[in-house]
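A quick write-up on the structure given underneath.
The values are calculated or read from the model by the stated rules, or taken from the named source; none is laboratory data. This is a predicted model, so every value here is computed, not measured. Heads up, the Cβs are rebuilt from the backbone with ideal geometry, glycines too, and the neighbour counts pull from every protein chain shown. Side chains included, ligands, DNA and RNA excluded: accessible areas come from the protein's heavy atoms. Shrake-Rupley method; radii C 1.70, N 1.55, O 1.52, S 1.80 Å.
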Amino acid sequence: MSAWLGDLVYTGGAFEPGLAMMADERGVITGFSRDKEDLKNAHRLPGRAILPGLVNVHSHTFQRVIRGRTEHRTSASRDTFWTWRESMYHAANAMSPDALYHAARMAFMEMLLSGITAVGEFHYVHQDLNVARAILRAGQELGLRVTLLRTAYVRAGWKKDPNPGQARFLTPGVDRFLSDTDELIAEGAHLGLAPHSVRAVPLDYIRTVAAYARSRHLPLHMHVSEQPAEVEASICEYGRRPVELLHDNGILDERFTAVHAIHITGEEAQLLGGSTVCACPTSERNLGDGAVPADKLFEAGARICFGSDSNVQIDILEDARELEYHLRMNKLERAVLAPDTSREGLARRLFQSATESGACSLSSPGGSLEPGKPADFFTIDLNDCSVAGADRESLLGHVVFSLERTAVRDVCVAGELVIRDGRHPFEDEIIREFGDVQRNLWQ
Ligand SMILES: [Zn+2]
């Protein structure tokens, strides 16, 4: 039995003062209390507020190694996503399973330090199942919840020659892909399935994977319409845009998450209304992808969640505010995603996307602090410069629109404190080992 008492705790959609949060020995929240004895026995966190852990729905941890190394123009007349992709392929092919493990540890630690307690790792650098196992082990060792989204990848694209840069991603036979997945499930891994995209996986294969995911109640994720070229290729091959194609084939349901969904029409936004869309604005702005039309998607009833994707920056709250800011810049308006005229409506909606909607997309148990949910939370220092001066009513607005990582003090997953006072116990070792990986990779 554990109990925590901050100055404030975010539960039921509001910050409550003087409330102890209790959890059992499995790390599951049993309730909240203002009883004198409970308050006295709780672990006191003075000057701090307790918030539900953030959920990072879409990450490729290995791409952490190319951070800061692709910010230059290549000889291509117009530098785009597709030139960035060649650098990414170089890293993916040069990394040993051990290097992939250390990159995962580095990225996962940075996630924890920014208040993330669960991640969906969209895993496509396969080699063999031991890479998947190593990534899951990295999560366990650091104390982060990992949903491994096993990714299928078959081809460079319709009528495109094989690209040697993609050799390591390939899962050519669907039977083998699914029997490997069975093996990981039998080992107790928390999994989801992820046909890479309409470009990289033929329709029959997508349908088979989707049927498998549905029969086992697993999340199904896909990259959808990140780039205009991907949409054009889908129209050439199938006569349909990617979202239309997935809808025609019964793939879109409440367990489906479309990652990006940037280049979609108003009708396609409607078709995604019963599903989830994962926006990755920090990565999308870095790659010049475009802005997710979240206004249309919310209107259609879709859930929105966030991912750090290429991990050029790991900050889910920055993703939340950036989603809104991209639309402000496009529309020359403010508060585009506000659901109503209440003062806290917009911050609450974006925070819910960063927590509950993310957990829902990954079928992960966290997302909010309520009895029966795991004690997955982070605390913030209320005197940190980035939020100082906030009152109870405006604190969530401060958190969503200006919180910096310096404010994150403790992070707890399933009742275990994995970050204390802004430090992970393995921090020095993880950074040193990651430095070795980088030296070997780039020298
Ligand atoms: Zn991605």
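Inside segment 95-104, residues that are assigned to a helix (DSSP H, G or I) and open to solvent by 10 Å² or more (accessible area, probe 1.4 Å) make up a count of 5.
Of the residues making up segment 54-94, those that are more than 16 Å from the ligand (Cβ to nearest atom), in contact with a helix residue (DSSP H, G or I) (Cβ under 6 Å, 6 or more places away or on another chain) and part of a loop (DSSP other than H, G, I, E, B) are Thr74, Ala76. Contact map, segment 58-71: first residue of a type in the set (A, V, I, L, M), second residue buried (at least 24 other Cβ atoms within 10 Å of the Cβ), Cβ cut-off under 7 Å, separation 6 or more or different chains; pairs are Val65/Ala103. The residue that is nearest to Ile251 (Cα to Cα), counting only those in segment 199-219 that are within 16 Å of the ligand (Cβ to nearest atom) and open to solvent by less than 10 Å² (accessible area, probe 1.4 Å), is Pro219. Every test in (1) surrounded by fewer than 23 Cβ atoms within 10 Å (Cβ to Cβ); (2) closer than 18 Å to Phe378 by Cβ; (3) not hydrophobic (A, V, I, L, M, F, W, C) is passed by Glu344 save one, and that test is (2). Please pick out the residue among Thr379, Thr355 that is farther than 23 Å from Leu220 by Cα, modelled with pLDDT of 95 or more, polar (S, T, N, Q) and open to solvent by less than 50 Å² (accessible area, probe 1.4 Å). It is Thr379.
Any residue at all in segment 232-255 that's outside any helix (DSSP H, G or I) and open to solvent by less than 10 Å² (accessible area, probe 1.4 Å)? Looking for residues that are outside any helix (DSSP H, G or I) and open to solvent by less than 10 Å² (accessible area, probe 1.4 Å), one finds at least one in segment 232-255, hence yes. Given the structure, is Ser361 in contact with a Cys (Cβ under 7 Å, 6 or more places away or on another chain), within 18 Å of Gly139 (Cβ to Cβ) and either open to solvent by 60 Å² or more (accessible area, probe 1.4 Å) or at pLDDT 95 or above (or both)? For Ser361, the condition - in contact with a Cys (Cβ under 7 Å, 6 or more places away or on another chain), within 18 Å of Gly139 (Cβ to Cβ) and either open to solvent by 60 Å² or more (accessible area, probe 1.4 Å) or at pLDDT 95 or above (or both) - is met.
Within this structure, Ala186 fails the test of being in contact (Cβ under 8 Å) with a residue 40 or more places away in the chain and more than 16 Å from the ligand (Cβ to nearest atom). When Glu226 is tested against (1) under 21 Å from the mean Cα position of the chain (by Cα); (2) more than 15 Å from the ligand (Cβ to nearest atom); (3) open to solvent by 10 Å² or more (accessible area, probe 1.4 Å); (4) in contact (Cβ under 8 Å) with a residue 40 or more places away in the chain, exactly one condition is not met: (2). The residues in segment 284-301 that are buried (at least 24 other Cβ atoms within 10 Å of the Cβ) and either away from the ligand (no atom under 15 Å from the Cβ) or in a helix (DSSP H, G or I) (or both) can be counted, and the count is 3.
Yes or no: segment 45-53 includes at least one residue that is of a type in the set (Val, Ile, Thr), open to solvent by 10 Å² or more (accessible area, probe 1.4 Å), closer than 30 Å to Val277 by Cβ and not in a helix (DSSP H, G or I). Checking segment 45-53: not a single residue is of a type in the set (Val, Ile, Thr), open to solvent by 10 Å² or more (accessible area, probe 1.4 Å), closer than 30 Å to Val277 by Cβ and not in a helix (DSSP H, G or I). Selection within segment 256-283: residues that are out of contact with any Pro (no Cβ under 9 Å at 6 or more places or on another chain) and more than 16 Å from the ligand (Cβ to nearest atom). The member of this set that is most open to solvent (accessible area, probe 1.4 Å) is Glu267.
Selection over segment 227-251 of residues that are farther than 21 Å from Thr181 by Cβ and touching a Leu at 6+ places or on another chain (Cβ under 8 Å) gives a count of 6. Candidates in segment 229-248 are the residues that are touching a Pro at 6+ places or on another chain (Cβ under 8 Å) and away from the ligand (no atom under 16 Å from the Cβ); of these, the one that is nearest to Gly307 (Cα to Cα) is Val231. Taken over segment 105-129, the criterion of being more than 15 Å from the ligand (Cβ to nearest atom), assigned to a helix (DSSP H, G or I) and either under 20 Å from Tyr89 (Cα atoms) or among the small types (Gly, Ala, Ser) (or both) is satisfied by Met106, Leu129.
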